[in-house]
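The next block holds one structure in the form of structure tokens; read it before the comments.
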Amino acid sequence: MYVRVVTFELDGIKPEQYEEHSAHIAEVFLDWPGLIAKVWLRDSETSTAGGVYLFESKDAADLSRSTDVFVGMFSNPGFRNVTVREYDTLDAATAVTARSIEPTAVRRP
């Protein structure tokens, strides 16, 4: 499994507007091959938002970087100070503490 953590500051976007926007585009991520899950983040006090992405592999994460939604994040005037960090996981320990995560299939509603 491979993990991406994205954070950014909302610039001129109210938290409620971002939440509505997130719900509107959430299904786009279901089309990302190898994406196991995305957890949406928001800190209303600091106007920070982002997401934690769980991928089957680094290769799957690499493929997602060419998607419109990923590329567009960097040119979105409502997002400031975008940071993207990616990590390998410790598979043996994660298998113990994250048993409910299925790394072989994207969960669809």
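The values are calculated or read from the model by the stated rules, or taken from the named source; none is laboratory data. Keep in mind it's a predicted model, so treat the numbers as computed, not measured. Methodologically, a virtual Cβ is constructed for each residue, glycine included, from the backbone with ideal geometry; neighbour enumeration extends over all protein chains shown.
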> Only one of (1) surrounded by 18 or more Cβ atoms within 10 Å (Cβ to Cβ); (2) hydrophobic (A, V, I, L, M, F, W, C); (3) closer than 30 Å to Ala93 by Cβ fails for Ala37. Which number is that?
Replying inline: (1)
> Any idea how many residues of region 64-75 are loosely packed, with under 13 Cβ neighbours inside 10 Å, within 20 Å of Ile13 (Cα to Cα) and not aliphatic (A, V, I, L, M)?
Replying inline: 3
>> Where the second residue is part of a helix (DSSP H, G or I) and the first is loosely packed, with under 15 Cβ neighbours inside 10 Å and lies in region 43-63, which pairs have Cβ atoms under 8 Å and are six or more apart or on separate chains?
In response: Ser44/Pro15
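Which residues, taken from region 1-32, are acidic (Asp, Glu), under 19 Å from Thr67 (Cβ atoms) and surrounded by 15 or more Cβ atoms within 10 Å (Cβ to Cβ)? Outline the logic, then answer.
Start the filter on region 1-32 by keeping residues that are acidic (Asp, Glu), which leaves 9, 11, 16, 19-20, 27, 31.
With the extra rule that they be under 19 Å from Thr67 (Cβ atoms), the set shrinks to 27, 31.
Scanning region 1-32 gives no hits.
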> What is the one condition in (1) modelled with pLDDT of 95 or more; (2) under 11 Å from the mean Cα position of the chain (by Cα) that Arg65 does not satisfy?
Replying inline: (2)
> Based on what the data block shows, is Arg80 surrounded by fewer than 16 Cβ atoms within 10 Å (Cβ to Cβ) and touching a strand residue (DSSP E or B) at 6+ places or on another chain (Cβ under 7 Å)?
Replying inline: yes
> Which condition breaks for Tyr53 when tested against (1) at pLDDT 95 or above; (2) over 18 Å from Asp88 (Cβ atoms)?
Replying inline: (2)
>> Here is a list: Ala37, Ala23. Which entry is free of Cβ contacts under 8 Å to residues at least 12 places away in the same chain and of a type in the set (A, V, I, L, M, F, W, C)?
In response: Ala23
